[in-house]
Structures are given as C-alpha cells and as structure tokens.
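First the structure, in the form of structure tokens, and then the observations on it.
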Amino acid sequence: MGRPAPRPLLLALLSLAVCRGRVVRVPAGTLVRVVGTELVIPCNVSDYDGPSEQNFDWSFSSSGSSFVELASTWEVGFPAQLYRERLQRGDILLRRTANDAVELHIKNVQPSDQGHYKCSTPSTDATVQGNYEDTVQVKVLADALVVGPSSRPPPGLSLREGEPFELRCIASTTSPLHTHLALRWELHRGPVHRSILALSHEGRFHPGPGYEQRYHSGDVRLDTVGSDAYRLSVARALSADQGSYRCVVSEWITEQGSWQEIQEKAVEVATVVIQPTALQLAVPRTVSVTEGKDLDLSCNITTDRVDDVRPEVTWYFKKTPDTSLLASHMLARLDRDSLVHSSPHVALSHVDTRSYHLLVRDVSKENSGYYLCLVALWAPGHNRSWHKVAEAMSAPSGVSVTWLEPEYQVYLNASKVPGFSDDPTELQCRVIDTKRLEASVRLTVSWYYRMTRRNDDVVASELLAVMDGDWTLRYGERSKQRAQDGEFIFSKEHTDTFNFRIQRTTEEDRGNYYCVVSAWTRQRNNSWVKSKDVFSKPVNIFWASEDSVLVVKARQPKPFFAAGNTFEMTCKVSSKNIKSPRYSVLITAEKPVGDLSSPNETKYIISLDQDSVVKLENWTDASRVDGVVLEKVQEDEFRYRMYQTQVSDAGLYRCMVTAWSPIGGSLWREAATSLSNPIEIDFQTSGPTFNASVHSDTPSVTRGDLIKLFCIVTVEGAVLDPDDMAFDVSWFAVHSFGLDKAPILLSSLDRKGVVTTGQRDWKSTVSLERVSVLEFLLQVHSSEDQDFGNYYCSVTPWVRSPTGSWQREAEIHSRPIFITVKMDVLNAFKYPLLIGVGLSTVIGLLSCLIGYCSSHWCCKKEVGLGALSFLHVKF
C-alpha cells in the first residue's frame with residue numbers, strides 16, 4: 001500500500017524544524033535473535049536541534065529490495081495491513097526514548113521476521129543534507145537451547161549448618177551457528193534475588209555480592225560435569241544459604257567482533273532448607289555464697305551437633321535480672337581455641353566439652369547480682385575458616401553474697417571529768433565482746449556531740465570527727481578550728497581503743513558525747529567498704545557553773561603609831577569555785593575623806609603577781625625607794641610594810657587581789673578580782689598649818705619686760721624654828737584665759753636648793769630663787785606674747801620631827817594669778833615706718849631723675865623745629 005500525501009498543516013509544522021546535516025543510525029552489523037524471544041532495534045537521529053520530537057517511520061523487507069511499511073510515530077495509517085493486527089495486540093510497538101530516539105520492539109519473534117529493517121525520518125527540506133534513513137539486518141534462529149535441572153521435580157534439601165551440598169543444572173544448544181553459553185546461579189528468598197556465582201560466555205567466573213570471600217576460600221565453587229552439566233558446590237552450609245536456587249543460562253553469539261545475547265532461560269533447581277542447630281544452656285537459678293568464699297557457677301551445654309564444632313563460652317555479670325547485655329560486664333571468655341581471657345580473681349574452666357565452670361575467688365557484696373552464660377558454636381569452614389552455627393544465652397543466675405558481719409559492743413567512759421572550766425576532758429571509746437573480726441575487717445570511730453536540753457526538744461547531733469576506712473580523719477565544723485589549734489585531740493591507742501581529749505573544756509562543751517565504731521571490709525581492689533555501725537551510750541559532761549567567790553580581809557597589827565614609824569598591813573584571801581587559784585596583789589592608797597588636796601585619786605604603790613614577782617608601781621619617792629615591801633606570807637596571806645612613814649602618807653590603804661586559774665602549761669586565766677577593806681593611816685598631830693599664795697607687782701607687762709612672781713608661804717599654829725622647816729616649790733603656768741589646758745612646769749626648787757627648769761619652745765627664760773625663808777621668787781626674762789596666762793605655785797612643806805627625821809607634809813597649791821603681756825606700739829611700728837619713708841624717698845628721687853632726662857632730650861628737639869617753622873612763615 002502506498003504512502004499517503006502529508007497534510008498541509010503537518011508539512012507546515014515540519015518546515016519549522018531545522019535539520020542541518022542530520023544522520024539516522026541503527027545498530028551496525030547483523031542482529032541475531034531466536035524464535036520466541038524479543039527483538040529490540042534502536043534508532044536515533046544525530047545533530048538534531050529542533051524544538052519538538054523527531055518523527056520516525058519503520059519499514060521491513062525480507063530480501064532487502066522492496067520495503068513494506070511497518071510502523072510510524074506520527075501517522076496512524078502508515079503500517080501495512082499485514083502488521084496492523086500485531087500492532088493492535090502489542091506484539092509490535094514503538095517506544096520513544098528521547099526526542100531524537102525511538103526503539104522498535106517485536107515480541108515473540110517468528111521466522112518470518114527475518115530480513116531487513118529500515119528506520120527513516122520524513123523531511124520537507126528544500127535541500128537534502130545528510131542521511132535520512134538507515135537499515136539493519138535481522139537473522140532469526142530456531143530455539144536450540146535446552147536448560148533443565150538434573151532431576152525432576154526440583155528436590156527439597158534439608159541440611160544443618162556446616163553440612164555440604166551440591167546442585168546441578170543441565171544446559172546445551174544445537175544451534176547451527178557458533179554460539180556460547182553463560183550460566184549464573186541465583187538464590188531467591190522471597191522478593192530478594194541474590195547472584196551466587198556466574199560463568200560468563202568468555203569462560204570467566206564472577207562471584208555475586210557477599211560471596212566473594214566464600215568463593216576465594218573455596219567454600220563456594222562452580223564446575224562442569226561432562227559436556228552439559230554445571231555443578232554448584234557449597235562446602236559448609238550457612239543459615240543464609242536457605243532459599244530457592246535457580247540456574248540462569250544465556251546464549252551468546254559474536255558478530256563483527258562484538259557479542260550479542262540472543263536468548264536467556266532460567267530453571268528452578270532445588271529448594272534448600274537449613275535446619276537451625278539446637279543449643280540449650282543450663283545454669284543454676286539461684287546461688288548463695290558467704291562473703292570471702294569462692295563462687296562456682298556451671299554452664300551446661302546441650303546440642304544436637306555431634307560433628308566437629310567448637311564452643312565459645314562467655315560469662316557476663318549485671319545488676320538487673322534481664323538477659324540484655326546492656327550495662328553488663330564481661331567476666332571471662334573461653335574462645336574456640338580454648339584460650340581463657342579473664343581477670344586475676346576470675347577463672348573459667350571446663351570439665352568436659354559440655355560443662356563449663358566460672359570461678360570467682362574471694363567474693364564480696366559487690367559480687368551480688370546476676371550472671372549470664374553466652375555460648376556460640378563454631379564450625380570449621382574451607383581453608384581453615386570458621387563460621388558461627390548457633391548462639392544461645394542462658395537465663396540469669398541470681399547470686400546472693402551473704403555477709404557474716406562481725407559482732408561487737410562499744411563502751412564509752414570518761415577517764416577525765418572536768419570539775420571547772422578549762423579542766424581537761426578525756427573520753428575513751430572501747431570495742432568489747434568481739435566476734436568474727438577477721439583480718440579483712442578494720443574498725444574506725446566517729447565522735448559526736450549533742451547539747452543537753454532540760455526540756456524534751458530534739459537536738460541534732462554534731463559531728464566532731466570521723467575516721468574513714470583508709471584511716472583518713474576528717475573534722476566536723478564544730479571541731480575543725482579547735483582541732484587545728486591543738487585543743488581537740490583524737491587518737492587511737494590500740495586497735496580496739498579510741499581516745500578523744502579536750503585540753504581546755506569550756507562551758508559550751510558541756511553536753512552529751514557518744515562514739516560510733518564502724519566495721520570496714522577490704523575489697524579485692526584493696527578498697528574498703530563500711531559494713532556495720534555500732535553506737536555507744538552517751539556520756540554526759542557537766543559541772544555546776546557557780547559564780548567564783550573571792551574575799552579579801554585586811555588588818556593592821558599595830559593600829560597606833562607616829563610619823564616616822566613603820567606601817568604594816570596584812571591581807572588574808574579566801575576563794576570558792578576557783579580551781580587551783582594563785583593570787584596577785586596590788587597595794588592602793590587613797591586620800592582620806594575630807595582631804596581636798598588630791599580628791600578622787602587612787603595611787604598604785606606596789607604589786608606582786610601570781611608568780612611572786614614584785615614591782616613598784618607609782619611609788620615616786622626617790623629618797624624611800626626601799627621604803628615599801630610586799631611579801632607573800634602564805635599561799636593565801638600577804639603582808640605590806642612601809643618604813644619611815646611621812647605625814648603625807650596619810651590615807652586609806654587597800655589590797656586588790658586577783659585570783660588566777662591555770663589553763664595548761666604556763667598560761668593563766670583571770671578568775672576573779674576583789675578589793676579588801678581599807679586600812680587608814682591617820683597621824684594625830686598638833687603641828688603647824690601651811691598656806692601658799694602668789695603675788696606680783698607686775699601683773700601686766702610690755703613684751704620684753706621682766707615678770708616677777710612671788711610664792712609666799714604662811715605658817716599658822718605651832719611656831720617652828722626656820723631650821724626645822726624646808727619646802728619643795730614648783731611653779732606652773734596655764735597659757736590660757738581659763739584653766740582648761742594642762743599646766744606647764746616652769747621651774748622647781750627642792751628643799752635642798754636644787755633648781756630644775758622645764759622645757760619651753762620660746763625664747764624667754766625663767767629663774768627661781770629663795771629670797772627669804774618663806775618667799776620664793778620666779779622671774780620671767782624678756783617676756784613674750786606666749787608668756788601670758790595663769791601662774792600658780794605648788795609647795796610641799798618638810799618639818800623636822802623631834803626624833804630628827806624629816807616629815808613631808810601635805811602638798812599645798814596657791815591660787816592662780818593672771819599675767820598679761822602687752823605689745824609696745826612704738827617699737828612695733830618704728831621699723832616699718834623707717835622702711836616706708838626710705839622707700840618713698842628713693843622712689844621720688846628716681847622719678848625726678850627720669851623727668852629731667854626726658855625734658856632734656858625730648859623737649860629740646862621739639863623747640864628747635866618750632867623755631868625753624870616760625871622763621872619760614874615770617875619770611
């Protein structure tokens with residue numbers, strides 16, 4: 001049937017395509033196919049850059065001269081009537097693979113399909129450029145390939161892991177052409193197909209993925225038996241070898257140096273079932289063992305394998321009873337070469353090939369838990385290889401480690417009980433009635449304090465110190481600082497005796513004390529774990545805190561005496577609630593009531609400390625340095641003596657006593673202080689009365705003038721010979737308008753005529769002299785402004801007694817007199833005026849000189865110029 005003319009619209013569309021030098025190509029050479037197979041001929045156009053799909057027409061010729069329309073991609077009525085039915089059934093179809101490529105598919109090739117096939121592309125180009133068609137020859141051969149299993153129906157093989165098996169496949173061909181066969185063994189397990197081993201048409205072996213190692217080791221082999229049998233050999237079956245085995249055979253031919261696969265056939269050879277190896281493990285369900293003993297666990301194996309299999313046994317330990325190996329610890333392993341891998345305290349052995357024992361030496365509480373036995377059976381493979389044929393995990397074996405804890409009692413007693421504050425306290429914590437104290441048990445102690453309450457309030461215990469299993473001593477917050485200072489001492493006297501000592505017990509330390517003795521057990525890693533605590537009964541440390549009492553009584557053995565005699569006073573001391581007291585004594589003196597010469601003044605005379613060291617305090621009488629004595633008569637009695645008493649010594653005398661308690665070593669603590677009753681020295685005499693007054697004829701002076709001040713002593717009462725009187729006179733000044741500043745000593749004159757002058761910071765000088773028996777003159781020379789103020793004198797009379805000794809009377813003071821120092825105005829302004837007049841005269845003369853020079857030089861020049869101007873105008 002002829003080709004219909006193209007429609008104008010189609011021609012217009014084809015004219016839009018740009019084809020420049022196009023080339024249509026089909027496979028070169030001859031294609032060979034077998035009857036019943038599928039023929040696929042690709043066709044494509046090169047150098048095509050059009051915007052749309054390229055159209056293709058296929059034609060067939062049995063002889064190669066006259067072609068019949070077969071199929072077209074763009075014209076429905078193109079095929080000849082001969083092929084329309086096959087096109088409708090789908091036996092012949094075109095499949096486009098790209099815009100410029102298409103494939104011709106002929107299913108179930110028949111002998112009539114042998115011939116020439118032409119692929120062409122229609123063109124509307126005005127000028128033909130390139131090749132618009134191409135032809136390929138197809139040969140159709142009869143099916144001469146025979147493929148089948150060695151026996152029918154396909155056998156079902158039931159094997160155990162490690163056993164060998166063989167499968168055979170028959171393949172042959174009677175093709176008249178020189179063809180080659182290729183064969184491939186496949187394993188099908190459901191939808192998964194795996195290639196085991198293939199023999200290519202070129203005679204090369206290709207193992208499939210995952211079978212490379214087994215092929216190279218010789219475990220999987222492919223060889224020929226006779227002329228048409230192909231044998232698959234597996235030396236040792238694995239569980240992965242279970243499935244359906246197929247033999248796939250393809251036939252190949254070479255045309256013009258290239259190979260073509262002309263057909264492929266597959267046949268199911270056999271179904272292989274791998275029976276799992278039976279493996280059961282038996283371990284004891286529960287085991288109880290005493291701590292320190294050995295733990296022996298057995299793992300018994302039951303299996304149906306009797307061939308050469310080797311077990312690998314591994315023991316695991318964990319704290320939970322599940323069979324998961326998570327959070328487990330491997331204890332020991334016996335590999336298939338019978339090599340044991342374990343720690344020093346764990347051993348693994350086997351009595352026979354079916355019983356394996358785990359031995360854990362010297363168990364402790366840490367070994368309580370669950371033990372698992374994991375067994376794997378290994379079968380030998382080809383070329384000394386091994387593969388696992390079975391694996392099983394035992395049920396957990398619960399192990400309970402019982403502890404025969406030591407038995408003992410703890411007894412606490414106070415070996416030293418304080419009676420007062422600062423006394424030492426010593427507590428002894430002893431371990432008694434001990435049983436089952438082995439060498440691996442160590443005893444330590446903890447000390448606690450609990451305050452004593454009168455009510456029922458609960459008071460928490462405070463940790464004083466705790467000793468760990470490695471003998472490390474740790475202090476609590478209450479005792480840390482005092483232990484570092486050495487006040488708290490914790491010691492271990494024996495293995496069963498612990499001591500606690502408080503060097504100085506305070507009132508805050510009163511309360512209940514108890515100790516806790518802990519038993520520690522040594523572990524295999526040489527660490528220590530506490531296994532038991534035993535508490536002692538508390539011991540109460542308490543003493544009555546009564547107030548310290550100190551009483552001092554003074555007495556005078558000779559109550560009546562005269563001036564010049566020796567004064568004696570004794571002080572008797574008694575104390576209560578003071579531990580081992582020692583006393584220090586201080587003698588004080590006060591003026592009697594009514595004496596206004598030194599009111600409210602207490603004078604310290606001499607002291608004796610608790611170590612019997614004597615010290616003069618404020619005794620300033622240089623003439624009587626050895627005139628006072630303080631001595632210790634007994635432990636609680638002291639005596640004070642004052643020799644050659646003076647009238648000025650009159651007053652009230654007391655003993656101030658301080659009690660001291662020892663606090664350790666050479667340290668003392670002040671416990672109490674008490675003052676004795678007063679003993680009065682009162683001289684009953686009818687002697688004279690002395691008064692002092694100050695007089696000055698110059699109470700107001702000008703700066704630089706001489707200031708004269710007289711200190712006049714008057715005597716009233718008894719008349720004394722001037723030779724029986726002497727005076728110590730001192731002059732003082734207070735340089736202020738009031739008496740609010742401290743007085744300054746200007747000068748003093750003692751009764752022997754020795755003058756002492758005080759230190760001052762200005763230039764005026766002072767002198768002091770005795771002008772008569774009862775008058776003393778103070779002179780201030782070249783007075784200055786700083787010499788103003790209040791002046792007064794202090795007089796200490798001395799009177800010779802009938803016995804010839806000099807008695808010092810009470811010191812008397814005069815009333816102050818105010819001295820004013822005025823400034824000399826004329827002298828003050830004389831020098832400033834002279835300086836001013838001189839400077840004014842010099843400045844005036846200098847001004848006149850400057851004026852004269854200016855008029856002489858400047859004014860003369862100006863006058864000459866004026867005269868010339870005048871002459872010029874006149875003429």
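The values are calculated or read from the model by the stated rules, or taken from the named source; none is laboratory data. All values derive from a computational prediction rather than experimental measurement. Counting neighbours? That spans all protein chains shown, and the Cβs are built from the backbone with ideal geometry, glycine included. Each accessible area value is taken on the protein alone, full model and side chains, heavy atoms only, with ligands, DNA and RNA left out. Shrake-Rupley method; radii C 1.70, N 1.55, O 1.52, S 1.80 Å.
Of everything listed in (1) modelled with pLDDT of 80 or more; (2) closer than 30 Å to GLU508 by Cα; (3) not hydrophobic (A, V, I, L, M, F, W, C), the single unmet condition for ARG454 is (1). Restricting attention to the range 505-530, the residues that are surrounded by fewer than 17 Cβ atoms within 10 Å (Cβ to Cβ) and either under 33 Å from the mean Cα position of the chain (by Cα) or part of a loop (DSSP other than H, G, I, E, B) (or both) total 8. Filter the range 142-156 down to residues that are of a type in the set (A, V, I, L, M, F, W, C) and open to solvent by 50 Å² or more (accessible area, probe 1.4 Å) and give me whichever is modelled with the lowest pLDDT. It comes out as ALA142.
The set of residues in the range 318-346 that are open to solvent by less than 30 Å² (accessible area, probe 1.4 Å) and farther than 25 Å from HIS387 by Cβ comprises LYS318, LEU331, VAL346.
Within the range 100-114, the set of residues being under 9 Å from ASN44 (Cα atoms) and not small (Gly, Ala, Ser) comprises ASP100, VAL102, GLU103.
You will find that of ARG305, ARG310, the residue that is open to solvent by less than 30 Å² (accessible area, probe 1.4 Å) and more than 30 Å from GLY29 (Cβ to Cβ) is ARG305 and no other. Buried (at least 17 other Cβ atoms within 10 Å of the Cβ), charged (D, E, K, R) and over 46 Å from the mean Cα position of the chain (by Cα): does that describe ARG354? So ARG354 fails the test.
Would you check if LEU167 is more than 30 Å from TRP58 (Cα to Cα), in a strand (DSSP E or B), open to solvent by less than 20 Å² (accessible area, probe 1.4 Å) and at pLDDT 90 or above? Considered against the rule, which asks whether it is more than 30 Å from TRP58 (Cα to Cα), in a strand (DSSP E or B), open to solvent by less than 20 Å² (accessible area, probe 1.4 Å) and at pLDDT 90 or above, LEU167 comes out as yes. Among the residues making up the range 253-299, those that are open to solvent by 60 Å² or more (accessible area, probe 1.4 Å), outside any strand (DSSP E or B) and either polar (S, T, N, Q) or touching a residue at least 12 places away in the same chain (Cβ under 8 Å) (or both) are GLN256, PRO276, ARG285, LYS293, ASP294. Candidates are the residues of the range 641-652 that are at pLDDT 85 or above and either under 13 Å from ASP621 (Cβ atoms) or in contact with a Cys (Cβ under 7 Å, 6 or more places away or on another chain) (or both); the one that is surrounded by the most Cβ atoms within 10 Å (Cβ to Cβ) is MET642. Those residues that are assigned to a strand (DSSP E or B) and touching a His at 6+ places or on another chain (Cβ under 9 Å), I need them from the range 26-58; list them, please. Answer for the range 26-58, where residues must be assigned to a strand (DSSP E or B) and touching a His at 6+ places or on another chain (Cβ under 9 Å): LEU39, VAL40, ILE41.
In the range 198-213, the condition of being open to solvent by 40 Å² or more (accessible area, probe 1.4 Å), outside any loop (DSSP other than H, G, I, E, B), of a type outside the set (Gly, Ala, Ser) and at pLDDT below 90 is met by at least one residue. Between GLU251, GLU255, the distinction of being closer than 30 Å to THR173 by Cα, in contact with an Asp or Glu (Cβ under 9 Å, 6 or more places away or on another chain) and of a type outside the set (Lys, Arg) belongs to GLU251 only.
List the pairs whose first member sits in the range 325-349 and is farther than 18 Å from CYS299 by Cα, whose second member is open to solvent by 80 Å² or more (accessible area, probe 1.4 Å), and whose Cβ atoms are under 6 Å apart, counting only residues at least 6 apart or on separate chains? Taking only residues 6 or more apart or on different chains, the pairs are HIS345/ARG361. Among the residues of the range 611-618, not a single one is within 16 Å of GLU568 (Cβ to Cβ), at pLDDT 90 or above and not polar (S, T, N, Q).
Per-residue answers, yes or no, for (1) of a type in the set (A, V, I, L, M); (2) over 15 Å from ASP134 (Cα atoms); (3) surrounded by fewer than 20 Cβ atoms within 10 Å (Cβ to Cβ); (4) out of contact with any Leu (no Cβ under 6 Å at 6 or more places or on another chain):
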{"position": "ASP57", "(1), (2), (3), (4)": "no, no, no, yes"}
{"position": "PHE67", "(1), (2), (3), (4)": "no, no, no, yes"}
{"position": "THR73", "(1), (2), (3), (4)": "no, yes, yes, no"}
{"position": "ASP91", "(1), (2), (3), (4)": "no, yes, yes, yes"}
{"position": "GLN114", "(1), (2), (3), (4)": "no, yes, yes, yes"}
